[in-house]
Amino acid sequence: MAGRYDRNPREDDEVNPFAGTGRVPPATNSPDPAGFYNNGSVDISLDSAADLKQKEKELQGKEAELSRREQELKRKADAAGRAGIALEEKNWPPFFPIIHHDIANEIPIHLQRLQYVAFTTLLGLYACLLWNIIAVTTAWIKEGDATIWLLSIIYFILGVPGAYVLWYRTLYRAFRSETAFRFGWFFLFYSLHLVFCIFAAVAPPVVFKGKSLTGILPAIDLIGKQILVGVFYFIGFGLFCFESVLSVWVIQQVYMYFRGSGKAAEMKQAATTGALRAAI
């Protein structure tokens, strides 16, 4: 029975010093959360948040600026549309756009064929003037006359942009907007284009220096002296002839449409009204 009430010999060693005090002993080996969050990471997080807010403000500012510019462009486009002004985006040639050209979407379908043929005469004139430079260059090398070569360069420099601005773009806009006034300008400048092509096909030694154009007269003169140069001039003569024939067809077709559409009467009435106003 005495063994039942014997003391545990390890009881004194396991005395809990915090027994009865209600306190929980601190964990000596656990990491300190406060120390973990106070080691400098808080400052980095705050700096990052500030940077993000700054970038967000910058993006919002750029977005507002883009929106403002878009609204401004839209306002200008609407104003131009109400004024009847077409904003033309350069889209031709595709590899290096320098002009606006969209026959399929901007020209009425019944006029597209005629517009394409007129565009062919524009490209044909470029080809004639370019070949004219090649042929005259051979004549310059053989004959030693630099003046004719300089004149051929001048023809090309003036003819390429001049033809587009003076009569092709005028016809393009006339077909697109059906303006009688533009038809009048087209007939004027396209007639000058036609006269030049016929003159170049003959190339008489008047006004222009004879051998600066690859016409039939200099071709006949050169074929007996320099066969190669003469052949080049005959090719140029053929190109100018083809350009002249095609141009005659274009101006006839445009005039027939002009008369049939009633634009001729409109132009006549406008001219009469203008004359009366000038007289008054």
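The values are calculated or read from the model by the stated rules, or taken from the named source; none is laboratory data. What you see is a predicted model; the values in this text were computed from it and never measured. We place every Cβ from the backbone using ideal geometry, glycine too, and count neighbours over all the protein chains shown. Protein only, heavy atoms only, side chains kept; ligands, DNA and RNA dropped before computing areas. Shrake-Rupley method; radii C 1.70, N 1.55, O 1.52, S 1.80 Å.
Compared with the alpha-carbon gap, the fully stretched path from Leu228 to Gln71 is longer by 50.2 nm at 0.36 nm per residue. Scaling against 2.2 N^0.38 Å puts the C-alpha radius of gyration of the stretch 84-233 at 1.23. Approximating the spin labels as points 7 Å out from Cα along Cα→Cβ, the Glu88-to-Ile235 distance works out to 3.3 nm.
Using 0.36 nm per residue and subtracting the Cα-Cα separation, the extra length available between Phe181 and Val160 on full extension is 5.2 nm.
Modelled label positions at Phe95 and Ile141, each set 7 Å beyond Cα in the direction of Cβ, lie 2.5 nm from each other. By the Cα gyration tensor, the stretch 104-184 has an equivalent ellipsoid whose semi-axes, rounded to whole angstrom, run 35, 13, 7 from largest to smallest. Here the stretch 161-235 is described by how far its Cα atoms reach on the three principal axes: 53, 21, 15 Å, from widest to narrowest. Solvent exposure of Cys128, expressed as accessible area, is near 0 Å², computed with a probe of 1.4 Å over the protein chains only.
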